[in-house]
Amino acid sequence: LNYHLALGEGDQARLHFYLAADPERVAAVTVPELEDTVATLIRTWADRVQEGLELSMPSDEATRLADHYGEAFSREYQAAPPPEVAATDIAELEAMSAGNRVVSIALTNRDDKTPVVGVSGATELKLFLRQTRLVLSDFMPILENAGLRVIAMKPYEVGRNGAPEATIYVFAVQDSAGQPLNVEKRGDLL
């Protein structure tokens with residue numbers, strides 16, 4: 001119905017929301033459920049990515065990477081994959097940097113509810129490139145010769161201040177029969 005902002009001393013602020021609901025609905029909500037929902041809603045993309053990174057590295061390193069990539073990834077990228085996938089992408093970019101690698105490829109079959117670049121029923125092929133750009137007319141024949149059908153592609157530049165550090169190309173691919181790939185069988189070969 002309304003809200004009120006109350007500024008405190010220092011860096012504190014309180015936002016009061018005034019809501020209306022049926023008494024039966026209010027009675028069904030527990031305080032812990034409400035607190036969890038609000039905590040989830042106020043967290044930023046970088047906060048959620050940091051949580052994902054903390055599963056595989058120390059907290060201070062996860063914080064540093066979440067801050068860096070929070071600025072390096074475009075808003076478009078931040079809206080596309082879930083933060084857990086972004087944490088995996090960040091780990092791959094960091095491994096490439098540490099190993100001084102220029103290229104990396106990852107194949108993934110997402111669940112049926114998660115489309116790949118807007119396409120359902122496709123395998124996600126991610127091409128990570130550092131310090132170079134992809135020439136599609138050179139790369140597409142390689143995928144076709146491997147028996148893949150490319151349905152869609154979306155590039156995401158990673159960098160700050162207009163200086164790209166890397167590019168993640170996400171392809172939606174299928175086998176020659178129009179089905180997602182059997183990543184376990186064909187993934188290593190590809």
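General remarks:
- Single match in 171, 139 (criterion: of a type in the set (Phe, Trp, Tyr), at pLDDT 90 or above, part of a strand (DSSP E or B) and more than 15 Å from residue 77 (Cβ to Cβ)): 171
- Scanning region 155-190 for residues that are under 16 Å from the mean Cα position of the chain (by Cα) and surrounded by fewer than 17 Cβ atoms within 10 Å (Cβ to Cβ) returns 155, 159.
- The set of residues in region 116-136 that are part of a loop (DSSP other than H, G, I, E, B), touching a residue at least 24 places away in the same chain (Cβ under 8 Å) and open to solvent by less than 80 Å² (accessible area, probe 1.4 Å) comprises 117, 118, 121, 122, 132, 134.
- Selection of helices (runs of 4 or more DSSP H) fully inside region 1-108 by the criterion of at least 2 residues being open to solvent by 40 Å² or more (accessible area, probe 1.4 Å) and within 25 Å of residue 162 (Cα to Cα) returns 45-54, 59-72, 75-79, 83-98.
- Hey, residue 112 farther than 19 Å from residue 166 by Cα, open to solvent by 50 Å² or more (accessible area, probe 1.4 Å) and either part of a loop (DSSP other than H, G, I, E, B) or of a type in the set (Phe, Trp, Tyr) (or both) or not: yes
- Verdict on residue 104 being without any contact (Cβ under 8 Å) to a residue 60 or more places away in the chain and either acidic (Asp, Glu) or under 26 Å from residue 56 (Cβ atoms) (or both): yes
- All told, residue 79 meets the bar of being modelled with pLDDT under 90, within 11 Å of the chain's Cα centre (by Cα), of a type outside the set (Lys, Arg) and closer than 23 Å to residue 108 by Cβ.
The values are calculated or read from the model by the stated rules, or taken from the named source; none is laboratory data. Since the model is a prediction, treat every value here as computed from it, not as a measurement. Heads up, the Cβs are rebuilt from the backbone with ideal geometry, glycines too, and the neighbour counts pull from every protein chain shown. Heavy atoms of the whole protein, side chains included, go into the accessibility calculation; ligands, DNA and RNA do not. Shrake-Rupley method; radii C 1.70, N 1.55, O 1.52, S 1.80 Å.
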